1. For Val80, which of the numbered conditions (1) within 16 Å of the ligand (Cβ to nearest atom); (2) out of contact with any Lys or Arg (no Cβ under 6 Å at 6 or more places or on another chain); (3) farther than 19 Å from Glu341 by Cβ fails to hold?
2. Quick one: would you say Glu341 is out of contact with any His (no Cβ under 7 Å at 6 or more places or on another chain) and assigned to a helix (DSSP H, G or I)?
3. Mind listing whichever residues of segment 267-278 are touching a helix residue (DSSP H, G or I) at 6+ places or on another chain (Cβ under 6 Å) and either within 14 Å of the ligand (Cβ to nearest atom) or farther than 21 Å from Gly82 by Cβ (or both)?
4. Would you tally the residues in segment 104-134 being more than 16 Å from the ligand (Cβ to nearest atom) and crowded, with 18+ Cβ neighbours inside 10 Å?
5. Just a yes or no: is a residue in segment 229-247 of a type in the set (D, E, K, R) and touching a helix residue (DSSP H, G or I) at 6+ places or on another chain (Cβ under 7 Å)?
6. Hey, could you check segment 50-90 for residues that are part of a helix (DSSP H, G or I) and among the small types (Gly, Ala, Ser) and say which is farthest from the chain's Cα centre (by Cα)?
7. May I ask you to say which residue of Val289, Val239 is within 16 Å of the ligand (Cβ to nearest atom), touching a Ser or Thr at 6+ places or on another chain (Cβ under 9 Å), closer than 30 Å to Gly359 by Cβ and among the hydrophobic types (A, V, I, L, M, F, W, C)?
8. What's the number of the only condition in (1) touching an Asp or Glu at 6+ places or on another chain (Cβ under 9 Å); (2) surrounded by fewer than 21 Cβ atoms within 10 Å (Cβ to Cβ); (3) closer than 21 Å to Ser207 by Cβ that Ala380 fails to meet?
Amino acid sequence: MDKQFLQDELLLGQLLDLVKKFTIGFRADDERPAGSALRKVPSFSLPDLGDGAQDAMKVFGEQWQDYFVASPSNRYLGYVTGGTTPAALVGDWLTTALDQNPQAVKGFGDVSAAVELATIGLLRDLFGLPTFFNGGFVTGATMSTFTCLGVARQWVGAKQGYDVAKDGLQQPIPILTATPHSSAVKCLSMLGIGSRNIVKVATLPGSEAMDINDLETKITELNGDPFIIIASSGTVNTVDFDDLLAIARLRDEHGCWVHVDAAFGGFAALSPEHAHLIAGWEMADSVTVDNHKWLNVPYDSACWFIREEHLPLQIATFQNSSAPYLGDPAADFNYLNVGPENSRRLRALPAWFSLHAYGRSGYEDIVTRCIKTAFLLGSALSEDPAFELLAEVKLNVVAFTLTDAAPERINALVQRLNDRGRYFLSPTTLFGRRGLRAAFVNWQCETSQVEEIVSELHLALKELPFAPAAAPT
Ligand SMILES: *Cc1c(COP(=O)(O)O)cnc(C)c1O
């Protein structure tokens with residue numbers, strides 16, 4: 001064995017001390033830019049002889065470490081980006097140390113699969129989802145939706161009298177949806193359903209939520225063909241929620257597969273004032289929830305929840321059937337047979353740690369604090385003559401723009417703000433207007449940040465190279 005391996009294993013304590021020191025410093029670093037800092041990508045060639053992990057750490061320190069943005073901090077408000085709670089970080093380190101491959105509880109007696117199932121139980125409790133939902137961990141909401149729509153595809157095939165997993169798609173599958181997340185559209189393409197098979201449902205005026213009357217019309221036009229509804233429980237721009245109770249009623253009438261994308265909106269269930277937004281989600285056939293957003297566990301982590309009654313369809317879709325030593329998929333639950341991945345990491349452990357460490361009240365605190373901060377920022381911006389909200393704040397995202405400004409000026413503001421580095425916000429286009437978004441899902445989010453965010457916006461605005469467009473006369 002190369003002596004470097006042995007030497008590093010002997011030095012492991014010192015190496016981990018270095019990492020520990022860096023980790024604590026990184027998390028506490030209030031100066032680290034939240035906006036992009038990498039100016040030039042360093043180039044490396046593969047060494048013939050390595051010099052061990054300490055040297056790798058040294059070069060990492062010289063060449064890479066300063067350029068990582070503070071994306072786990074509460075100053076990163078772009079997209080929908082969570083942080084990492086202390087307990088989640090501990091769980092994630094242990095995940096790597098343990099290096100397990102969670103599959104089945106029975107048979108090989110795999111404790112890591114038991115951890116995953118137990119963590120799914122904790123999440124069901126947190127969200128108030130019934131125990132008839134099975135669940136599992138995947139890398140992100142995209143792969144969760146992929147898993148869910150994979151089973152939905154099998155369900156439609158069964159209704160049409162064939163087996164999609166075996167025969168491939170034989171007929172188009174209509175997908176009824178109003179404002180799907182871009183990743184859901186990507187899933188349709190990955191699954192061979194095809195994004196052109198989306199039947200676009202109209203939205204309510206000034207909203208991204210489904211017009212239920214139009215949904216009903218679109219269903220009638222299908223003349224009894226089986227179909228899938230992709231409902232949004234929290235669109236990323238306006239955080240509008242499709243009316244799940246109305247969708248449930250239509251589902252009972254017409255029979256269809258209902259998938260609910262609750263990537264971050266599912267956490268509305270933890271706020272007594274906002275839980276009504278997600279009311280009815282337990283009627284869904286499948287649900288997507290992202291963990292690396294509002295659960296504040298590190299990338300990459302999300303869950304699928306699919307009704308137990310659909311398990312045979314799920315196994316038909318994902319079973320890894322050709323390996324006889326893996327047992328009978330129907331008799332022995334095995335993650336290998338119910339999701340897109342075979343080997344996988346113990347992704348549930350960070351979530352288990354964080355849920356155990358902070359419990360229901362800890363997560364209610366994160367969610368309500370984030371919502372409160374978003375509403376405060378929303379009212380500060382609407383009272384500020386320089387800014388205008390693009391949509392009423394409904395939960396945890398503030399979409400806004402400059403009053404009377406051309407799109408170029410808004411792009412320049414986003415760039416300037418992010419170059420300043422204190423806060424990162426992402427650009428957006430909403431109802432045909434260019435704007436900015438601030439999304440609050442970080443466990444360290446504080447209402448006291450609002451003042452600083454508004455002042456950063458004004459500082460960035462002052463630094464813009466060209467004058468505001470003349471107000472329309
Ligand atoms: C973030 C998000 C996704 C995609 O999540 P990934 O974790 O990036 O795969 C899907 N749907 C919604 C509503 C989201 O907010």
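The values are calculated or read from the model by the stated rules, or taken from the named source; none is laboratory data. Keep in mind it's a predicted model, so treat the numbers as computed, not measured. Using ideal geometry, Cβ is built from the backbone for each residue, glycine included, and neighbour counts are taken over all protein chains shown. Surface accessibility is based on the protein's heavy atoms, side chains included, excluding ligands, DNA and RNA. Shrake-Rupley method; radii C 1.70, N 1.55, O 1.52, S 1.80 Å.
1. The single condition Val80 does not satisfy is (2).
2. No; evaluated as a whole, the condition is false for this residue.
3. Passing the criteria: Phe267, Ala268, Leu277, Ile278.
4. 14
5. Taking every residue of segment 229-247 in turn, at least one turns out to be of a type in the set (D, E, K, R) and touching a helix residue (DSSP H, G or I) at 6+ places or on another chain (Cβ under 7 Å).
6. Gly52
7. Result of the check over Val289, Val239: Val289.
8. If we test Ala380 against (1) touching an Asp or Glu at 6+ places or on another chain (Cβ under 9 Å); (2) surrounded by fewer than 21 Cβ atoms within 10 Å (Cβ to Cβ); (3) closer than 21 Å to Ser207 by Cβ, just (3) comes out false.
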